[in-house]
Amino acid sequence: SQEAYRATGKRPTAIDLHKELNALKKTDYPWMYEVSKCAMQEALRDLEKAYKNFFRRVELKKQGKWKGKLGFPTFKKKSKGIGSFRLTGSIKVLRDAVQLPRLGRMRLHEHDFIPTTARILSATVSEEAGRWFVSIQVEEEQEQLTPPATTAIGVDLGIKTLATLSDGVTFENPRALKHAQKRLRHLERQKSRRKLGSKNRKKTCRKLAKQHARIARIRKDAAHKLTTSLCKNHALVAIEDLHVAGMLNNHKLAQAVSDSNFGEIRRQLEYKAVWHGVHLVKIDRFYPSSKRCSACGWQDDEQTLADRLFTCHECGLVLDRDLNAAINILQEALRTTGSSSGSHAYGVGSSGLLECQQAKLPTLK
């Protein structure tokens, strides 16, 4: 496709590519007649979308509106890509099974899979560490939900503690990658000693895949529990607009930041806030939430990452660093959304915010 575009200048479409593929099926790829044609069609649609995104970025680059890198859609290597395919057409969801085109009825391990009456768009079958999953995409109209609560909350994300809320509640960071490092190093050494192409090497690769999948599931579980709790129990959630890519440039913190899953937490908050009718407020990343006193506003410019307690030299407040940051994030969110009317609407008084927090939590000394 890339060579054809450079030779003719014509942008390839999914229909054109599918015609070329059909011409090669009888000679080069006869096995394609044994599987559903939807898998190839959906892959070509994804390729067409990738080309559209590329040309859109080229136009933005010419206008000076795109500062990122430009590159043609790259080939996905089979051994490194995610083993998945998407199907459309006649798909039925039953209580303990799913019926897919050409594959027929397939029993599900989870028997509490509730059949849906919504319009089914597609089904994506994927493999992860020897386990097969099916994801159903549906289209359904939903009513606009009202927030289940009227309170506002500030969230400070961290490494030692995954999240500290402005009301004092904390969510522990499972640090799944850190705790699995010893096991991963052992398997990597074992893999390097195996002969290429041998069965023992494949066994070790499967063990490695299972270990990485376990780490990913633990990390995802912690993110879902945090974001679901925030959206179900509060009407306004305030978070910082963290520059995660910049934080990863620090080689001393890169692994810990990646293990904390900050980007995924924000992504989940964005769509769950829409589901539950929650107002999500993002505070500017340059706002000094950790260096500012939540009581009087004094700012400690000499504070370092090693300082876990915030001590105000003006009013004498001594508070946990992350808790102080969470309160500051909430105060800034209430200020940007409307200091008096907005804050009272969420059940937190703008003038009595600090007193409310200190009444619930003992001051650290």
Self-check item: Charge dipole (debye, nearest 20) of the stretch 118-205; +1 at Cβ of Lys and Arg, -1 at Cβ of Asp and Glu
Solution: 1800
Quiz item: Hey, what angle do you get for helix 262-276 against the long axis of the chain, alpha-carbon based, 0 to 90 degrees rounded to 10?
Solution: 90
Practice problem: Would you mind putting 119-126, 36-43 in packing order, based on average other-beta-carbon counts within 10 Å, highest first? | Solution: 36-43, 119-126
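What is the gain in length, in nm to one decimal, between Glu302 and Leu94 on full extension, counting 0.36 nm per residue of separation less the C-alpha to C-alpha distance?
Details: separation 208, 0.36 × 208 = 74.88 nm, distance 6.11 nm.
Answer, rounded to one decimal: 68.8 nm.
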Quiz item: Suppose R0 equals 41 Å; then what is the FRET efficiency for Lys207 and Thr228 from their Cβ-Cβ distance, rounded to the nearest 0.05?
Solution: 0.85
Practice problem: Treat each spin label as a single point 7 Å out from the Cα along the C-beta direction, and report the Glu110 to Arg267 distance in nm. | Solution: 1.8
Quiz item: When the helix-only estimate is applied to the chain (DSSP H runs of n ≥ 4, each -39,500 (n - 2.57), divided by the residue count), what is the mean residue ellipticity at 222 nm, nearest 500 deg cm²/dmol?
Solution: -13000 deg cm²/dmol
Quiz item: Which length gain, in nm to one decimal place, applies between Leu196 and Phe85 when the Cα-Cα distance is subtracted from 0.36 nm times their residue separation?
Solution: 37.2 nm
Exercise. Grab the eigenvalues of the alpha-carbon gyration tensor for the stretch 106-246, scale each by 5, take roots, and send me the semi-axes largest first in whole angstrom.
Key: 36, 27, 12
Self-check item: Solvent-accessible heavy-atom area per residue, rounded to whole Å², over the stretch 81-139 at 1.4 Å
Solution: 71
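Mind jotting down a quarter of the surface of the convex hull over the alpha carbons of the stretch 81-139, in square nanometres, one decimal?
Computed as one quarter of the Cα hull surface, the answer is 4.3 nm².
Roughly to the nearest percent, how much of the accessible area of the chain is carbon and sulfur, given a 1.4 Å probe?
Summing carbon and sulfur atoms, their accessible area is 52 percent of the total for the chain.
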Quiz item: Can you give the percent of C-alpha pairs in the chain whose distance is more than 40 Å?
Solution: 34
Quiz item: In degrees from 0 to 90, rounded to the nearest 10, what is the angle of the helix 37-62 Cα long axis to the longest principal axis of the chain?
Solution: 50
Exercise. Treat every Asp and Glu Cβ in the stretch 81-139 as -1 and every Lys and Arg Cβ as +1, leave all other atoms uncharged, and give the resulting dipole magnitude about the Cα centre to the nearest 20 debye.
Key: 260
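If we sort 64-74, 307-317 on the protection proxy, mean other Cβ atoms within 10 Å, highest first, what's the order? Don't jump to the answer; show the numbers that get you there.
On the way: 64-74: 9.6, 307-317: 14.2.
Packing proxy ranking, top to bottom: 307-317, 64-74.
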Practice problem: Would you mind pulling out the separation of the Cα centroids of the stretch 211-246 and the stretch 13-50, in Å? | Solution: 38
Self-check item: With Cα atoms, 0 to 90° folded angle of helix 14-25 axis to the chain main axis
Solution: 40
Exercise. Let me know the Rg and Dmax you get for the stretch 9-51 when you use only its Cα atoms, in Å.
Key: 10.9, 35
Exercise. For the stretch 234-240, just list the computed ³J(HN,Hα) in residue order, Karplus coefficients 6.51, -1.76 and 1.60, θ = phi - 60°, integers in Hz, with x standing in for Gly and Pro.
Key: 9, 8, 10, 10, 10, 10, 8
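The values are calculated or read from the model by the stated rules, or taken from the named source; none is laboratory data. Since the model is a prediction, treat every value here as computed from it, not as a measurement. No Cβ is skipped: glycine too gets one built from the backbone with ideal geometry, and neighbour counts run over all protein chains shown. Calculation scope for accessible area: heavy atoms of the full protein, side chains included, ligands and nucleic acids excluded. Shrake-Rupley method; radii C 1.70, N 1.55, O 1.52, S 1.80 Å.
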